[in-house]
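The values are calculated or read from the model by the stated rules, or taken from the named source; none is laboratory data. Note that the structure is a prediction, hence the values are computed from the model and not measured. Cβ: placed from backbone, ideal geometry, glycine included. Neighbour counts: every protein chain shown. Just so you know, the surface numbers come from the protein's heavy atoms only, side chains and all, with ligands and any DNA or RNA stripped out. Shrake-Rupley method; radii C 1.70, N 1.55, O 1.52, S 1.80 Å.
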Amino acid sequence: MVEIVSGAFTSGVRGDSGVQEDSGVREAAEAETGAAPIERVGVVGCGTMGAGIAELCVRAGLDVRVAVSSEGSWARGEARIRASLDRAVAKGRITEADRAAALDRVSFTTDLGELADSQLVLESVREDEQVKLEVFASLDKVLESEDAIIATNTSSLSVARLARATTRPDRVVGIHFFNPVPVLPLVELVGSVLTSPRTRARAAEFAGGTLGKTVVSAPDRAGFLVNALLFPYLISAIRMVDNGLATPEVIDQGMVAGCAHPMGPLKLADLIGLDTTVSIAQALYEETKESLYAPPPLLLRMVECGLLGKKSGQGFYTYG
């Protein structure tokens, strides 16, 4: 059964959701878990998701340090955050003062050791299990506080397997955001069989209270809840294109105009990233062995050729 853990709390302003937790809620959560509220956050990776998570956290008033693999990643990640904040100002969602304050609260590093004093670290590197395992093992060594939480934004991998790369598996949890992170309200909270109830409670308070998201508890299985439902739909649409049954434009038009979806499945796959789509589909197939999850040949060839969707400028559609 899926449990709604928490929603956005009341009063004030927090990001695009326009909510901030009530101080009484935070005090109650602090008393329940016996831990200080999370104020110092580390983010590992600053691609589309990592940058969105970092932006969400600084707009919630948290101090954020982002660890990246190179100075090039640093520059690209910082540019993503600035551009997103600029768009929020242009749309009247935040003020210039809010933008300046948010940028003052984020810093970057290429040294994972500089996340040592973080109370919670959110891992958001590419969807590659070996890479994530290496990040988790390194974070386990550098984090100073035994109470620090290591969270993963994986959309398909086992939280339990990632937790076993550390000496603190009870303090590892999945906090799965959706793209665009500052806008979409849902977060899947994924506790493994090793995650302690206290860690689950602190993570739920952080995502639901501090960040103002709607939090649902999801099982630690490939795809969790949302992607386990979503990906058969996306794969079926790609398979229709692969089999020559319809064009991406016709399929997307049908789902938007006929089913009132805000975006068609092929455009959504482009937005997610076709490489990420392959990774998630393969993880789902490997765990379930159900053919509806198997990535079609067309999708595999597109990724092999660097057609990754919106982020590469070309996928099922062309982007300027």
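Which percent of the accessible heavy-atom area of the chain goes to carbon and sulfur, probe 1.4 angstrom?
On the chain, the fraction of accessible area on carbon and sulfur atoms equals 54 percent.
When ligands, DNA and RNA are left out and all protein chains stay put, how many square angstrom of accessible area per residue does the chain have with a 1.4 Å probe?
For the chain, the per-residue accessible area is 45 Å².
Assuming R0 = 25 Å, what is the FRET efficiency of D242 and N179, from their Cβ-Cβ distance, to the nearest 0.05?
0.55
Just subtract the alpha-carbon distance of S70 and T95 from 0.36 nm times their residue separation and send over the number in nm, one decimal.
Value of the extension gain: 5.9 nm.
Length gain on complete extension for the stretch K289 to V226, per 0.36 nm per residue less the alpha carbon to alpha carbon distance?
20.8 nm
Tell me what the chain gives for mean residue ellipticity at 222 nm when only DSSP H runs of n ≥ 4 count, each as -39,500 (n - 2.57), the sum divided by the residue total, rounded to 500 deg cm²/dmol.
The per-residue figure over the chain is -13500 deg cm²/dmol.
Taking the alpha-carbon distance from K289 and a cut-off under 25 Å, which lysines remain once sequence neighbours fewer than 8 residues away in the same chain are dropped?
K132
For the charge dipole of the stretch 199-320, defined by +1 on Lys and Arg C-beta atoms and -1 on Asp and Glu C-beta atoms about the Cα centroid, which residue among L307, G264, V250 has the Cα displaced farthest towards the positive pole?
Value computed over the given set: G264.
What's the magnitude of the charge dipole for the chain around its Cα centre, counting Lys and Arg as +1 and Asp and Glu as -1 at the beta-carbon? Answer in Debye, nearest 20.
Charge dipole, the chain, about its Cα centre: 560 debye, nearest 20.
Given 0.36 nm per residue, what is the gain on full extension from R301 to S107 after removing their alpha carbon distance, in nm?
This chain segment gains 66.0 nm when fully extended.
For the stretch 31-81, would you read off the P(r) tail past 18 Å as a percentage of all alpha carbon pairs?
Counting every Cα pair in the stretch 31-81, those more than 18 Å apart make up 34 percent.
Using a simple spin-label model with points 7 Å from Cα along the Cα→Cβ vector, what separation in nm is obtained for D128 and E144?
Here the modelled spin labels are 3.2 nm apart.
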